[in-house]
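Everything below concerns the one structure shown next.
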Amino acid sequence: MSPFATLPSHLLFGTWLVATAALPATLPASEKHTAGHHGNQGLAGTQSLDIAAQGNTLDLFLGTYASGEPRARLEHLRSLDGGGTWSKPTQVDAGLTQAHMPHRGMDAQIAASGEKLVAAWMTPGTDRFGGGPMATALSADGGKTWTAGPNPADDGSTTGHGFIDMVGGPTGTFHLTWFDTRNEQRGLRYARSTDAGKTWSSNETPDAETCECCWNAIAAGPDGRVAILYRDKSPRDMSLVELPGGERAQTWSKPATVGNFEWQFEGCPHVGGGLAVGGPSAGAALHATVWTGQPDRMGVYYVNRGLAGSTKWKDPVRLGDSSASHPDVAVSGSQVAAVWNAKQGDAAVIKGVVSTDGGSTWGEPIVLSDPVFSATHGRIVDTEAGFRVFWTQSHGDHPAAWSSKPLTAPTLSKR
């Protein structure tokens, strides 16, 4: 039996609250994270984290809870040096509808297109878990100031619109995906904006029947294609749908299983995957990290597929042991990097690994987080200085906080 077989449905929106202390401007990243563990001794800390990268410009979006406060404060920080130093936090949701319990696995989201930023989150509503419509906030000055944006969903429902993911493209184009239950069926939705979030297209349904509550991952390629990785219904493997680039009429591809584990499971494991597109110009590919609960194969796997020609995914490559979960992936030229949660003795740590040949061979995984902390949900991005990983961690009665570290390629060995 899967360890998730008896997972209570209330975990769909989380039951614990944590937030981060204010961080001074231009403090080195390593010092900020240490400082964040000592500013508030209550049950508070960083509960939600998302990151968008454009070269060495990084936009970090945090959901924080002060001790005893039921509402998260949504804050933006920007780094212009690949994560070495950060701006002072700016509140994004001031005067806007509050976020409904953002937490790791259902984080409030941010995406960037130059100086234009869009943030999105789920607000309180009328479903049985308290979830409701989406809200957005827009910035045209790199996050210095924010204004209210529209709700991208066009169904008019006040029930939950969650597990949002978003990516920015050139000239103010943004692509957004989420789950909602319209027509009495949980499904995958999509909308695009070509004016930096001021208006959104009519909603599309790439897959009308999906898993209920695993996070989605969306990526946009240089050829204009859009791809979405999500957990499907039956089997509960991850699937991918694509919208091809080009100017002609476009339709979504049929869902294609990523990994093909044939995991039959009646329930939601609350584990999504990671998706990236890129690589050398002669061999650009889709790169995915997925998790399966299939008892004899449980863990995290890397899978890739070329953009041109065959649409068949290569055989999955296992990363880590059976404790591996919550994966993410990034690509830079011929280098591919993956991160995931893992157990190390009694510790919960973040591990990472790099391939320098497009995912054919991999180095030995390394531990990125300090085992004294309980770390979770690593996110990885590519910067001009290399890969950088972000996660949240907690220890004892200290408030949870975000942390970050570069990930570089060690000597490779066959796996």
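Examine the range 286-296 for a residue that is in a loop (DSSP other than H, G, I, E, B) and closer than 17 Å to V226 by Cβ, and state whether such a residue exists.
Going residue by residue through the range 286-296, those that are in a loop (DSSP other than H, G, I, E, B) are 293-296.
Restricting the remaining residues to those that are closer than 17 Å to V226 by Cβ gives none.
The answer is no; no qualifying residue exists.
Go through the range 279-325 and give me each residue that's among the β-branched types (V, I, T), over 16 Å from S239 (Cα atoms) and modelled with pLDDT under 95.
Selection gives nothing.
Of the conditions (1) buried (at least 20 other Cβ atoms within 10 Å of the Cβ); (2) in a loop (DSSP other than H, G, I, E, B); (3) in the same structural domain as N341 (by TED's automatic domain parsing), C214 satisfies every one except a single condition; which number is it?
For C214, the exception is condition (3).
To keep it simple, each residue is scored yes or no on (1) of a type in the set (A, V, I, L, M, F, W, C); (2) closer than 28 Å to D382 by Cβ.
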position	(1), (2)
Q98	no, no
Q109	no, yes
T126	no, no
A148	yes, no
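For residues that are within 18 Å of W215 (Cα to Cα) and among the polar types (S, T, N, Q), tally how many sit in the range 96-135.
Selection size over the range 96-135: 2.
Can D237 be described as without any contact (Cβ under 8 Å) to a residue 60 or more places away in the chain and among the acidic types (D, E)?
yes
Can you name the strands (runs of 3 or more DSSP E) wholly within the range 301-405 that have at least 2 residues being more than 19 Å from A276 (Cα to Cα)?
335-344, 347-355, 374-383, 386-395
Name the single residue that is nearest to the chain's Cα centre (by Cα) among those in the range 91-111 being surrounded by 24 or more Cβ atoms within 10 Å (Cβ to Cβ) and of a type in the set (V, I, T).
Ranking the candidates gives I110 first.
Matching residues to (1) at pLDDT below 85; (2) more than 18 Å from the chain's Cα centre (by Cα); (3) closer than 20 Å to F387 by Cα:
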site: P24; (1), (2), (3): yes, yes, no
site: L49; (1), (2), (3): no, no, yes
site: F61; (1), (2), (3): no, no, yes
site: T85; (1), (2), (3): no, yes, yes
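Residue check: is A276 within 26 Å of P235 (Cβ to Cβ) and touching a strand residue (DSSP E or B) at 6+ places or on another chain (Cβ under 6 Å)? If you could, list the steps in order and put the result at the bottom.
Numbers: within 26 Å of P235 (Cβ to Cβ): yes; touching a strand residue (DSSP E or B) at 6+ places or on another chain (Cβ under 6 Å): yes.
Yes; evaluated as a whole, the condition is true for this residue.
Can you report the number of residues in the range 217-235 which are more than 18 Å from F163 (Cβ to Cβ) and part of a loop (DSSP other than H, G, I, E, B)?
Result for the range 217-235: 7.
Among the residues of the range 218-266 satisfying the criterion of being polar (S, T, N, Q) and either surrounded by 22 or more Cβ atoms within 10 Å (Cβ to Cβ) or touching a Pro at 6+ places or on another chain (Cβ under 9 Å) (or both), which is farthest from P316 (Cα to Cα)?
Among those residues, the one meeting the criterion is Q250.
Within the range 293-335, take every residue that is among the hydroxyl-bearing types (S, T, Y) and in contact with a strand residue (DSSP E or B) (Cβ under 7 Å, 6 or more places away or on another chain) and give me the one that is farthest from W391 (Cα to Cα).
Of everything passing the filter in the range 293-335, T311 is farthest from W391 (Cα to Cα).
R297 fails exactly one of the following numbered conditions: (1) touching a Phe, Trp or Tyr at 6+ places or on another chain (Cβ under 7 Å); (2) within 19 Å of A220 (Cβ to Cβ); (3) not polar (S, T, N, Q). What is the number of that condition?
The number of the failed condition is (2).
What strands (runs of 3 or more DSSP E) lie completely within the range 89-143 and have 1 or more residues being in the same structural domain as A66 (by TED's automatic domain parsing), hydroxyl-bearing (S, T, Y) and free of Cβ contacts under 8 Å to residues at least 60 places away in the same chain?
Per the criteria, 116-124.
Does W178 qualify as being over 20 Å from the mean Cα position of the chain (by Cα) and either of a type in the set (F, W, Y) or buried (at least 17 other Cβ atoms within 10 Å of the Cβ) (or both)?
no
The values are calculated or read from the model by the stated rules, or taken from the named source; none is laboratory data. Here the structure is a predicted model, which means the values were calculated and not measured. For neighbour counting, all protein chains shown are included, and Cβ atoms are generated from backbone atoms with ideal geometry for every residue, glycine included.
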